[in-house]
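Remarks on the structure that follows.
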Amino acid sequence: MRNVITCKDVTFYYDVQPALQNINLEIEEQDFMAILGPNGGGKTTLIKLVLGLLSPSSGTIEVLETSPFKARKNIGYVPQYGAFDRNFPIKVKEVVKMSELKSNSILPWYPKEVEKRANQILEQLQIKHLADKKLNELSEGQKQRTLIARALMTDPEILILDEPTASIDTNVEKDVYDMLKELNETKTIILISHDIGFVSTYVNKVTCLNICSCTHKIDEIEGSIVDVYNRSLKFLHHKCNL
Amino acid sequence: MSGFFDALLHHSFLQNALFAGILASIVCGVMGTFVVIKRITFISGGIAHAVLGGVGIAYFLNIEPLIGAFAFAILAAIIIGLVKLKAGQQEDTVISALWAIGMALGVIFMYLTPGYSVDLLTYLFGNILMVTKSDLLILVILNVTILSVVFVLYRQFISISFDEEYSRLRGLNVNALYIFLLILIALTIVVLIQIVGLILVIALLTLPAAIAGLFTRTPASMMVLAVILGMLFTGGGMILSYEPNLPVGASIIILSGVVYLVALNLKKMISKK
């Protein structure tokens, strides 16, 4: 398997304190990786570096054999829903189609292919019936699906999700993960989470991130999921020295 | 009320005023929608007050005040846009400073110009009844310009308003679009200052759009409703102020404000049911 993301000795400073230090990370094609860590541990910063929204203070990042900036178009990004204005007047289908908007799209409507592709994606994620709903009329799980649909519009090779299940209940959370598992058959998936318990049944790798990082293959973590969950923090702390 | 309509038939200054109100309502509803959904009321306030600096300097140099107003509005839009994109957390402090410096410049230069006092008040509170034929022409040109640009870049502006980071990731030139949007808002503000003056301009820019936002599902329908509301408010304000001879600008704003409060409560009642 080829590496789709490679971080070498990546350090990043917002200020005087490092937000990330000497991060070495390899993500292979079709990995399903969870990035776990405390708030302020640098999870979102790492994602922003991979997306080329930030540049490392030192070290190198290679995405799909090129720079993060150039690789962007092949990455689907699903930000945390909390970042949006809850009352923004926009319909589900418009949000999804926006992925195909270019600076030089002069005609004030989308080409037929985009409409068709949007319908197809909405159908795939089972939210076709919500296409004309206003975004703030949806449940949290449906909003999350909308953002995932938007990211899938461009058929990306890598899908990155920032806490996709932070504000949804456990049943819906399972639906979202099942859906991601399905997508994982063709795409590399990286997701930020702070809950290893649920995630560990789905992912094949876990990266612990707290300024420094340490990656585990999921089958190298001993014991059943419940065991790991109960002991996880201590166990992983010990193993990574974080 | 019939007194107003009688006068409207006979006085061309009233016809001009009504026409100006209608034209201003169009750009106001369209750009006000962006101000409301992108939540840049404070930035717009900064631009509005910086305009006074341009007006003051224009008076002092004895050139057309409107030219000074446009120049400063565009300059303020560019500076504030760059500050927002580069300064991060310092943003509101810098905008407040520009806000005050613009006004202070205006006051000083107007003071240095003989016969300043009447004009200063006109700019602070506006006077729709003094709109001239050439003002109307400028309004028409601005309407056409702003509406054509928004027609073409509507989705891009909505995209950067909804999710700036994602727009950037998808390759949109977010910085340029953002500054361009601010410039269009700045031009709109200059137009509106003539109607209600710079103290009240933000209310006229945001209230119709805010009311429209309560009852619509897309930015486009929000714009249409905001335009209609703006026309009703400017027209209604003129009618209400005519008999008791009240200041028109302030009457327009009071009317808009009252309708906004009623609409907020109405919306609450509807969503409770």
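FYI, it's all coordinate maths here, none of it is from the lab. A quick note: this is a predicted structure, and the numbers were derived from the prediction, not measured. Glycine gets a Cβ as well: all are built from the backbone with ideal geometry, and neighbour counts include every protein chain shown.
Highest GNM mean-square fluctuation, chain B, Cα pairs closer than 10 Å: which of B:G21, B:G45, B:G171? Looking only at B:G21, B:G45, B:G171, the biggest GNM fluctuation is shown by B:G171. Shown in residue order for segment B:79-85 are the 3J(HN,Hα) couplings computed by the Karplus curve 6.51 cos²θ - 1.76 cosθ + 1.60 at θ = phi - 60°: 4, 5, x, 5, 4, 4, 6 Hz (x for Gly and Pro).
Across the alpha-carbon atoms of segment B:116-215, the computed radius of gyration and Dmax are 16.4, 51 angstrom. Here the spin labels are modelled as points 7 Å beyond Cα on the Cα-Cβ line, and at B:F19 and B:M269 they lie 4.0 nm apart.
In order along segment A:84-94, the Karplus-derived 3J(HN,Hα) couplings, from 6.51 cos²θ - 1.76 cosθ + 1.60 at θ = phi - 60°, round to 9, 6, 5, 9, 4, x, 8, 8, 3, 5, 5 Hz, and Gly and Pro are given as x. In this structure, the pairs whose alpha-carbon distance is over 31 Å, taken from A:K8/B:K38; A:K73/A:K112; A:K174/B:K268; A:K73/B:K38; A:K43/B:K86, are A:K8/B:K38; A:K174/B:K268.
The stretch between A:E62 and A:D175 holds 37.5 nm of extra length on full extension. This uses 0.36 nm per residue minus the Cα-Cα distance.
Taking the Cα centre of chain B as origin and assigning +1 to Lys and Arg Cβ atoms and -1 to Asp and Glu Cβ atoms, the resulting dipole is close to 960 debye. Bridging of A:K70 to lysines at a Cα separation below 17 Å is possible for A:K48, A:K102, once same-chain residues fewer than 8 apart are set aside. Counting neighbouring beta carbons within 10 Å and listing from fewest to most, the residues B:Y154, B:Y59 come out as B:Y154, B:Y59. With 0.36 nm allotted per residue and the present C-alpha distance subtracted, the A:M1-A:F69 stretch has 22.2 nm of extension available.
Projecting the Cα atoms of A:M98, A:G41, A:T146 onto the dipole axis of chain A, where Lys and Arg carry +1 and Asp and Glu carry -1 at the beta carbon, places A:M98 farthest toward the positive end. Residues A:D15, A:D155, B:D163, B:D135, arranged from fewest to most other Cβ atoms within 10 angstrom of their Cβ, appear as A:D15, A:D155, B:D135, B:D163.
Rounded, prolate or oblate: which fits the protein assembly as shown when a ≥ b ≥ c are the square roots of the eigenvalues of the alpha-carbon gyration tensor, with rounded for a/c under 1.5 and prolate only if a/b beats b/c? Note, shape of the protein assembly as shown comes out prolate. For segment B:188-201, putting each phi into the Karplus relation 6.51 cos²θ - 1.76 cosθ + 1.60 with θ = phi - 60° gives couplings of 4, 4, 4, 4, 5, 4, 5, 7, 10, x, 6, 5, 9, 4 Hz, in residue order, rounded to whole numbers and with x for Gly and Pro. Anisotropy class assigned to segment B:1-124 is oblate, per the alpha carbon gyration tensor with a/c at or over the 1.5 cut-off and a/b no larger than b/c. Using alpha carbon centroids, what distance separates segment A:148-164 and segment B:169-233, in Å? Here the two parts' Cα centres lie 32 Å apart. For A:K133, the aspartates and glutamates whose Cα falls under 17 Å of its own Cα, not counting residues fewer than eight places away in the same chain, are A:D85, A:E94, A:E115, A:E123. Sorted largest first, the principal axis extents computed over the alpha-carbon atoms of segment B:2-268 equal 58, 48, 32 Å. In terms of its C-alpha gyration tensor, segment B:157-273 has an oblate overall shape, because the principal axis ratio a/c (a ≥ b ≥ c, square roots of the eigenvalues) is not below 1.5 and a/b does not outweigh b/c. From largest to smallest, the equivalent ellipsoid semi-axes obtained for chain A from the alpha-carbon gyration tensor read 31, 22, 16 Å.
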